[in-house]
1. For the chain, would you read off the P(r) tail past 33 Å as a percentage of all alpha carbon pairs?
2. Residues in region 271-291 near a label at Leu241, defined as backbone nitrogen under 16 Å from the 7 Å Cα→Cβ point?
3. Once you have a ≥ b ≥ c as the square roots of the Cα gyration tensor eigenvalues for region 165-256, tell me rounded if a/c is under 1.5, and otherwise prolate or oblate according to whether a/b is larger than b/c.
4. Can you pick out the pairs among Lys43/Lys131; Lys182/Lys226; Lys33/Lys226; Lys72/Lys146 whose Cα atoms lie more than 27 Å from each other?
5. Taking the Cα centre of the chain as the origin, how large is its charge dipole in debye, to the nearest 20, when only Lys and Arg (+1) and Asp and Glu (-1) carry charge on their Cβ atoms?
6. Stick to the Cα atoms of region 249-291, pair each with every other, and give me the Kirkwood hydrodynamic radius in Å at one decimal.
7. Stretch Lys256-Ile230 to full length: gain in nm at 0.36 nm per residue minus the Cα-Cα span?
8. How far is it, in nm, from the label point at Arg281 to the one at Leu201 when both lie 7 Å from their Cα along the line to the Cβ?
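Coordinate-derived values only; no laboratory data. All of these numbers come straight from a predicted model, not from anything done at the bench. With ideal geometry, Cβ positions are generated from the backbone for all residues, glycine too; neighbour counts draw on all protein chains shown.
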Amino acid sequence: MSLYCIGSLFEYMKNLAPFIFEVTIESMKFFEKFFGYKFAFNKYDQVFAHEYKWGAMENAGIVTFNDRYIFKEKVSTDRMLSFANTISHELAHHWFGNLVTMKWWDDLWLNESFADFISHFCLEKIRTNIKTITYESAMAAFLQRKGWGYHEDQMITTHPIRGAVANTSVADSIFDGITYSKGAATLKQLLFLMKEENFSLALGEYFHKYEWNNATIEDFLAYMQKHFTITEFTLTQWRQLWLEKESVNVIEASWKPENHSANAHIIIKQTPYTETHPTLRLHKIKVGLFK
């Protein structure tokens, strides 16, 4: 592994290098185990480019970053965690994006949603191994990021997570909160439905089957379905409701707090956010009671 930056930022880079290497190495160890597939490239360089157009880009074995990430002053834990997430996100693309690549842009969401979710999930799992910063919860940051998706999904310009993409010009317009954070939330939901062990097993089989090749959502869900133990619905139904329908649902709970009897009950009601998008969806949720 190597780090690169312009000469004027070298001293600042030296200060950040232990953090960058630690997050990269711990993330790589986690991904190799959880994905059931070793890192497939023979090096991993991270280049911090001056006036770079994007935040970062997962070129195979040589990730490019905007050098604004080379902080010249002490920054908040939130900013350091955000940087760690970008490092982990781009590394995750070396499996989901570089090792296995989407066949067409209609599955762009899977490339970005997966990296967006799994980077937060990874940082949560490796939290106690990270010594260069201290953070309480990467998934709390994931929850905050979901606001981006909620906001865009309630606008008139909302669109499905996965939709038809006619050409590359259209593809350029769907790098948004629905593709990233809403899609990431659906994959977190999928892991919750399947449980971590089954999700991990399915990923390992998927990566070995489609290594150095192109794949589609059908290919991905076929391996998920193999390890999907819920019988009330299939992942084809899940896909139709969650990935191919736009907008959000409103979930409301009602009960009588004064009723402490054994017959007390709670009613969970689901409604569409707008009549324009009347989709009702299958949910599996946990209800917590506190006193």
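1. Looking at the chain, the distances longer than 33 Å represent 28 percent of pairs.
2. Hits in region 271-291 for Leu241 at 16 Å: 271-273, 278-286.
3. Taking the square roots of the gyration eigenvalues as a ≥ b ≥ c, region 165-256 is oblate.
4. Details: Lys43/Lys131 24 Å; Lys182/Lys226 24 Å; Lys33/Lys226 20 Å; Lys72/Lys146 29 Å.
Check vs 27 Å cut-off fails for Lys72/Lys146.
5. 740
6. By the Kirkwood definition, the hydrodynamic radius is 12.5 Å.
7. 6.2 nm
8. Those two pseudo-labels are separated by 2.6 nm.
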